[in-house]
Ligand code: SF4
Ligand code: SF4
């Protein structure tokens, strides 16, 4: 039954354009996270996290992800869906733990071996216990580190590059959101376009624009400046 459930979840996510799915041992993940960003804090008894992401060019139906939690619950397991807009877990780090890529120390996005920085984690389903059995460590971060020794063409056109006093140069997410609100990068992200990882998997313009818009809305919500936090407060959601 648990394996059949996993196949159902994969099928449902894929139908919504989310072609990547991985499992994470919540206890192992939590041991690497600050207290306020732990799965166990979000849901007591959480032992498994199902991480879903999109990388390919299929149009994404975000509503499809809302089906995942009820599917797990109907199979008899307590579950909770975590939206990216809530900003309560590090979803990119969860994607890395699930083996869906490595979080770049330069652009802070998940880099997938095939899709590069085009991967977006769509959410995570927290599940009580380990109904799928023990979960092996699937992280590829130890041997997949494309940013090491890279000449960093991703930074060449980005207006949000921050140089730390330590010498570390990287993209600053808050600056990115501010620049985009001012009208920069209206249709696409130069960081994604200029990264050679997954360059052969460029998205059709319509899909790229849709995901680009989604990421701004998500980041505004996480940073508390978008319309979603106000709406959520007004209607009393989380
Ligand atoms: S261009 Fe190089 S440094 Fe930039 S994200 Fe891609 S692999 Fe990393
Ligand atoms: S959207 Fe623009 S500002 Fe933000 S990371 Fe991409 S290139 Fe930089």
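The values are calculated or read from the model by the stated rules, or taken from the named source; none is laboratory data. Not measured: the values here are computed from a predicted model. For neighbour counting, all protein chains shown are included, and Cβ atoms are generated from backbone atoms with ideal geometry for every residue, glycine included.
Structure notes:
- In the stretch 184-202, of all residues being without any contact (Cβ under 8 Å) to a residue 24 or more places away in the chain and part of a helix (DSSP H, G or I), the one that is nearest to ligand 2 (Cβ to nearest atom) corresponds to 193.
- The residue pairs whose first member lies in the stretch 203-221 and is under 16 Å from residue 173 (Cβ atoms) and not assigned by TED's automatic domain parsing to the domain that holds residue 110, whose second member is away from ligand 1 (no atom under 16 Å from the Cβ) and modelled with pLDDT of 95 or more, and whose beta carbons are closer than 6 Å, counting only pairs six or more residues apart or on different chains, are 216/180; 219/177.
For every residue, the table says whether it meets (1) farther than 22 Å from residue 93 by Cβ; (2) touching a residue at least 60 places away in the same chain (Cβ under 8 Å); (3) assigned by TED's automatic domain parsing to the domain that holds residue 26; (4) touching a helix residue (DSSP H, G or I) at 6+ places or on another chain (Cβ under 8 Å).
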site: 137; (1), (2), (3), (4): no, yes, no, yes
site: 142; (1), (2), (3), (4): no, no, no, no
site: 166; (1), (2), (3), (4): no, no, no, no
site: 172; (1), (2), (3), (4): no, no, no, no
site: 175; (1), (2), (3), (4): no, no, no, no
site: 179; (1), (2), (3), (4): yes, no, no, no
site: 182; (1), (2), (3), (4): yes, no, no, no
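- Scanning the stretch 19-31 for residues that are in contact with a helix residue (DSSP H, G or I) (Cβ under 7 Å, 6 or more places away or on another chain) and not in a strand (DSSP E or B) turns up 26, 29, 30.
- Per-region count, the stretch 145-171, residues crowded, with 16+ Cβ neighbours inside 10 Å and in contact with a strand residue (DSSP E or B) (Cβ under 7 Å, 6 or more places away or on another chain): 7
- Selection of the stretch 101-121 for residues being within 9 Å of ligand 1 (Cβ to nearest atom), within 13 Å of the chain's Cα centre (by Cα) and either part of a loop (DSSP other than H, G, I, E, B) or assigned by TED's automatic domain parsing to the domain that holds residue 215 (or both) yields 104, 109, 117.
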